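Structure first, then comments.
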Amino acid sequence: MITRPKIQDEAEKAKAKILCLLHYRYANGRHQYLTIDQLDLRIPEFNENIIEYAIESLVTDNLCIKTIRKMRFQEDEIYKISSDGILVVDFWSDDAYEEISSGVQFDESEVASPIAPASDRTVTPTDNQREEASQTLEDVIKEFRQDHHFDNEWAAEKDGLLKTLEAGREYLSNKVIDVRIGAMMTIEPLKEVVAKYDQAAVGGAVSALAQQAIELLMKLFGLG
């Protein structure tokens, strides 16, 4: 005999954690929009189906806003907290906030790295997938190079990240890609870029492009 899953109950808990996460990112000047995949990574207590059910319910209740992000070969649904959603979280008690926030991974450094389990795999992208990934990385590199927020304090590290990302872009032209190598040359430096800009709450365009690239590459490598 199996126990009937209580989807509605689980979704209510997930809704609160989603609001908590999106509220935090809004308040701290971080990249406000997240995809379902990104929400799923940061709220590991629930599976993706529950997260999707919960976020759509929040949109229906006008507590979150859904937007379509168009990329070269695909469209993604992305979500951020609404003004009504902000009010809901602001009126939580401190005890309620502490309980709801438990288990939510607020920062990039808290999200478990997906590289190790896939370290022995290879992928064979289509020509369109390679082109999209290469162009997406090129967009990040161009925006990152032209941004001057950290030129004095971060010049050497920035130069190293740019060189790594350029090498990663070239590596993506291979017919067969080693997932471990590909992730180390693209996803990992992109995460460093996002963390730096999110911490300083500047360079929104750089952070947003890097986030998009991370998501696309994770799908390309079969990591998310």
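The values are calculated or read from the model by the stated rules, or taken from the named source; none is laboratory data. Bear in mind the structure is a predicted one, so any value in this text is a computation, not a measurement. Positions of Cβ are generated from backbone atoms using ideal geometry, with glycine treated the same way; all protein chains shown enter the neighbour counts.
Test of understanding: among Ser109, Ser119, which residue is at pLDDT below 80, touching a helix residue (DSSP H, G or I) at 6+ places or on another chain (Cβ under 8 Å) and farther than 21 Å from Thr35 by Cβ?
When all the criteria are applied, what remains is Ser119.
Please work out if Glu170 is over 16 Å from Phe221 (Cβ atoms), out of contact with any Leu (no Cβ under 8 Å at 6 or more places or on another chain), modelled with pLDDT of 90 or more and assigned by TED's automatic domain parsing to the domain that holds Ala213.
It is true that Glu170 is over 16 Å from Phe221 (Cβ atoms), out of contact with any Leu (no Cβ under 8 Å at 6 or more places or on another chain), modelled with pLDDT of 90 or more and assigned by TED's automatic domain parsing to the domain that holds Ala213.
Hey, among the residues in segment 17-58 that are among the small types (Gly, Ala, Ser) and surrounded by fewer than 20 Cβ atoms within 10 Å (Cβ to Cβ), which one's modelled with the lowest pLDDT?
The extreme case among them is Gly29.
Find the residue count for segment 22-53, including only residues that are farther than 13 Å from Ile86 by Cβ and either hydrophobic (A, V, I, L, M, F, W, C) or part of a helix (DSSP H, G or I) (or both).
Residues that pass the stated criteria total 16.
Among the residues that make up segment 80-95, is at least one of them part of a strand (DSSP E or B), of a type in the set (D, E, K, R) and either at negative phi or modelled with pLDDT under 90 (or both)?
Looking for residues that are part of a strand (DSSP E or B), of a type in the set (D, E, K, R) and either at negative phi or modelled with pLDDT under 90 (or both), one finds at least one in segment 80-95, hence yes.
Might you check whether a residue that is assigned to a loop (DSSP other than H, G, I, E, B), loosely packed, with under 14 Cβ neighbours inside 10 Å, of a type in the set (D, E, K, R) and without any contact (Cβ under 8 Å) to a residue 24 or more places away in the chain occurs anywhere in segment 148-170?
There is at least one residue in segment 148-170 that is assigned to a loop (DSSP other than H, G, I, E, B), loosely packed, with under 14 Cβ neighbours inside 10 Å, of a type in the set (D, E, K, R) and without any contact (Cβ under 8 Å) to a residue 24 or more places away in the chain.
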